[in-house]
């Protein structure tokens, strides 16, 4: 997990357990000529916890207390290593499937459906094992 210092998150320490920021996107469709073009508008959504809602607070009461986060998550070394691990897990799934599908094009005696099923089971086992290892760290 990326450990961002509490004073750099943009949420005051007393609200850390009750406020969550989420990046959202609208799916706007603009028609130009014959082709529709998808253009999204990104915005930050402030999600309040149940405790704040039970106190009768709204987003208008909380937003003035928020500040712009003082640090980019991408600057942390954990982000780099987390990306490397995620891409490695992805490659253990994609690479065998890609090699197998290329092999099927040249060899007639290999069954595509059965081989893909085996690779799917291999992929699920890899994800399960990597998830279990991730919880152990």
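Would you mind finding the one in 84, 89 that is within 30 Å of residue 122 (Cα to Cα), within 21 Å of the chain's Cα centre (by Cα) and at pLDDT 80 or above?
That would be 84, the only listed residue that is within 30 Å of residue 122 (Cα to Cα), within 21 Å of the chain's Cα centre (by Cα) and at pLDDT 80 or above.
Of all residues in the range 92-108, at least one satisfies being part of a loop (DSSP other than H, G, I, E, B) and more than 24 Å from residue 11 (Cα to Cα).
The condition (being in contact (Cβ under 8 Å) with a residue 24 or more places away in the chain, part of a strand (DSSP E or B) and touching a strand residue (DSSP E or B) at 6+ places or on another chain (Cβ under 8 Å)) is satisfied by just one residue among 37, 22: 22.
Within the range 103-117, residues that are assigned by the TED database to the domain that holds residue 93 have Cβ atoms under 8 Å from residues that are assigned to a loop (DSSP other than H, G, I, E, B) and surrounded by 11 or more Cβ atoms within 10 Å (Cβ to Cβ) in these pairs: 103/110; 104/110, counting only partners at least 6 apart in sequence or on another chain.
Is at least one residue of the range 45-66 at pLDDT below 80 and either surrounded by 12 or more Cβ atoms within 10 Å (Cβ to Cβ) or assigned by the TED database to the domain that holds residue 23 (or both)? No, every residue in the range 45-66 fails to be at pLDDT below 80 and either surrounded by 12 or more Cβ atoms within 10 Å (Cβ to Cβ) or assigned by the TED database to the domain that holds residue 23 (or both).
The values are calculated or read from the model by the stated rules, or taken from the named source; none is laboratory data. It should be emphasised that the depicted structure is a prediction, and the values quoted were computed from it without experimental measurement. Glycine gets a Cβ as well: all are built from the backbone with ideal geometry, and neighbour counts include every protein chain shown.
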